[in-house]
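The values are calculated or read from the model by the stated rules, or taken from the named source; none is laboratory data. Just so we're clear, the structure is a prediction, and the values are computed from it rather than from any experiment. Every residue, glycine among them, receives a Cβ derived from its backbone with ideal geometry; neighbour counts consider all protein chains shown. These accessible areas exclude ligands, DNA and RNA; they are computed on the full protein's heavy atoms, side chains included. Shrake-Rupley method; radii C 1.70, N 1.55, O 1.52, S 1.80 Å.
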Amino acid sequence: MTLGKQIAWDDTVLPFQLDASDIRGRVGRLDTTLQQVLSQHDYPPEIEALVAEATLLTALIGQTIKLRWKLSLQVRGDGPARLIATDYYAPGDDGTPARIRAYASYDADRLESGVDPFTQIGKGYFAVLMDQGDGTHPYQGITPVAGGSLSSCAETYFAQSEQLPSRFALSFGQAQSPGEGSQWRAGGIMLQHMPKASPLRAGADGGSGDAGLLRAEDVLDGDEAENWSRANLLLDTVEETELIGPHVEPTDLLVRLFHEEKPRVFDAQPVSFGCTCSADRVRQSLSIYSAKDIAHMTTEEGIVTADCQFCGAHYEFDPKTLGFEAEAVPDGDG
């Protein structure tokens, strides 16, 4: 792949469909976007890996949904990695990039080095939240953390909550070109059976996954199950270097993997790092507090401060302009 083509495919999600299998999918590549997400914080390697995987998952999942505003993933556990949170903001206009942000909360004293990052989550839940904006009710779906990876959790979520067979093949890590510093890159493929599949009801013992959770195999039968199995066997042949690039174009990769399944591609969606925080949003979030509450938040220097967990932006406010008992009009603080 030439440098120009590599740049063209970086930070994009390419939708496709396998016409012979009734399966849709996405190929995602993250480069600068992932680097910007991770550079906002000085995470230990285990936390970086979890945030990288969650960010790539969010890019792939967000692009599959007819989203008006925001999709979020949240992974909460009782282990050292307490929270992994991501947001995907749908593009406002055709041709504009979707925006992604992510952050993690962790207990550094409990964190173990040199182990599988997923084990640092412990017991907890994997949640998908969708907010379609004003005039709609937010949606939230939750499944237990299970399966050995965040991508396995996502597969369980779609099978359990949506009865929608899904599969992810992901790769991510730091790459270094001659004469340049290291840079995070990630790439992955998502497969999903078309929604018209008729789900089977789980038996008395539930599904075949961990703790009786449903898996893709539990919600397909007949020709649909055979098509799904065949597509997954083909996906199993993908190599990490093909997923992460930069030498293989996504279109070439789809032909290599699925040429007998008649792949058909659609317009690629660019993605970029983006945070929606602002002084006005912080002020609005503090508008529910009384003057007494605001006084407890005020520092010795006589200001109220706030930091964005996603991008690290720092805000400072005059306490007299905050809360529902504000005594003054903001004059440009923050």
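Some points to look at:
- Ignoring the sites themselves, the chain has its longest run without GluC sites (Glu not before Pro) in a DSSP loop having at most 13 other Cβ atoms within 10 Å at 1-111.
- Near Y106, once Lys and Arg are set to +1 and Asp and Glu to -1 for all other residues with Cβ below 9 Å from its Cβ, the sum equals 0.
- Integer Hz, Karplus 6.51/-1.76/1.60 couplings in order for region 57-68, x for Gly and Pro: 4, 5, 5, 6, 5, x, 6, 7, 9, 6, 9, 8
- Spin-label model distance (nm) - D134 vs S287, 7 Å beyond Cα toward Cβ: 1.2
- Leading residue at positive end of dipole, the chain (Cβ point charges), from Y106, A291, V13: V13
- Under Karplus coefficients 6.51, -1.76 and 1.60, residue-wise ³J(HN,Hα) of region 157-170 in Hz, glycine/proline x: 4, 5, 6, 6, 8, 10, 6, 10, x, 9, 9, 10, 10, 10
- Candidates per chymotrypsin sites (Phe, Trp or Tyr not before Pro) in region 265-312, loop by DSSP, up to 12 other Cβ within 10 Å: F266
- Rounded if a/c under 1.5, otherwise prolate or oblate - region 132-186, Cα gyration tensor axes: oblate
- Cut-off 18 Å, label 7 Å out along Cα→Cβ of K66, residues of region 20-56 by amide N: 24-25
- Karplus-derived 3J(HN,Hα), 6.51/-1.76/1.60, for each residue of region 218-233, Hz, glycine and proline x: 7, 10, 9, 8, x, 4, 4, 5, 5, 4, 5, 4, 5, 5, 5, 5
- In this rough spin-label picture, where each label sits 7 Å from Cα along the Cβ direction, the L83-V329 distance is 3.5 nm.
- Computed with a 1.4 Å probe over protein heavy atoms only, the accessible surface of region 217-334 comes to 59 Å² per residue.
- For the chain, convex hull volume per residue from C-alpha positions, Å³: 182
- Net charge contributed by nearby residues that have their C-beta within less than 15 Å of G95 (K/R +1, D/E -1): -3
- Electrostatic bookkeeping for Q40 treats Lys and Arg as +1 and Asp and Glu as -1; over the other residues with beta carbon under 12 Å from its beta carbon, the sum is -2.
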